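Throughout, read-outs are computed from the coordinates displayed, never taken from laboratory work. Remember, it's a predicted structure, so these values are computed and weren't measured experimentally. Positions of Cβ are backbone-derived with ideal geometry, glycine not excepted, and every protein chain shown enters the neighbour counts.
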């Protein structure tokens with residue numbers, strides 16, 4: 001039985017709230033990153049102004065955008081995709097086993113990502129640092145990295161469950 005990737009990427013009731021929220025965050029952070037960057041360029045080269053702290057806001061929006069994008073890609077099963085071997089497999093059982101191996105490896109990698117982001121976040125709380133202009137605590141972008149780690153882990157676990165289910169049915 002072929003993988004119904006459209007069904008896997010379709011969220012359930014609770015998942016649709018999460019999916020919509022992620023989409024909204026991605027759109028807002030994209031607009032903020034692009035808008036602030038455009039304003040920075042216009043202010044500097046057209047108006048001759050140097051806006052203090054604008055780089056800090058762009059950095060915060062960009063980190064949030066990158067991390068949200070990672071979670072969205074994981075939700076859609078598009079984050080890490082190499083389909084050369086998957087295209088060679090014809091047996092539904094072998095395809096399910098292949099998907100299970102990929103999902104398990106992704107879970108392992110995301111566990112390392114969670115641990116690393118937790119250490120980084122903890123370090124940021126123990127030795128608080130702030131941005132120079134607006135004094136924004138650095139744990140704020142670090143929290144976005146932790147959110148991405150947890151989100152990617154949750155979607156990797158979903159993929160393990162789906163692959164196991166398919167493997168049992170074949």
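With neighbours defined as other Cβ atoms within 10 Å of a residue's Cβ, the residues 110, 90 order from fewest to most as 90, 110.
Estimated from helical segments only, the mean residue ellipticity of the chain at 222 nm is -27000 deg cm²/dmol, where each DSSP H run of four or more residues counts as -39500 (n - 2.57).
Exposure proxy ranking for 66, 155, 45, based on other Cβ atoms within 10 angstrom of each Cβ and starting from the fewest, stands as 45, 66, 155. The stretch between residue 125 and residue 150 holds 7.1 nm of extra length on full extension. This uses 0.36 nm per residue minus the Cα-Cα distance.
Hey, what angle do you get for helix 139-169 against the long axis of the chain, alpha-carbon based, 0 to 90 degrees rounded to 10? Helix 139-169 and the main axis of the chain meet at about 10 degrees.
Taking the longest Cα principal axis of the chain as reference, the axis of helix 92-126 is set at about 30 degrees. Computed extension length for residue 91-residue 115: 5.0 nm, one decimal, from 0.36 nm per residue of separation with the Cα-Cα distance subtracted. Result for the chain in a Gaussian network model with C-alpha springs under 10 Å: among 76, 20, 44, the largest mean-square fluctuation is at 44. Here, segment 5-169 is characterised by an Rg to Rh ratio of 1.09, where Rg is the alpha-carbon radius of gyration and Rh the Kirkwood radius. Arranged from fewest to most other beta-carbon atoms within 10 Å of their beta carbon, 159, 83, 23 become 83, 23, 159. With R₀ fixed at 25 Å, the C-beta to C-beta distance from residue 165 to residue 24 puts the FRET efficiency at about 0.25.
Annotation for residue 49 and residue 16: the two label points, set 7 Å from Cα along the Cα-Cβ direction, are 4.4 nm apart. When the chain is treated as a GNM with alpha-carbon contacts under 10 Å, the residue of 61, 43, 34 showing the greatest mean-square fluctuation is 43.
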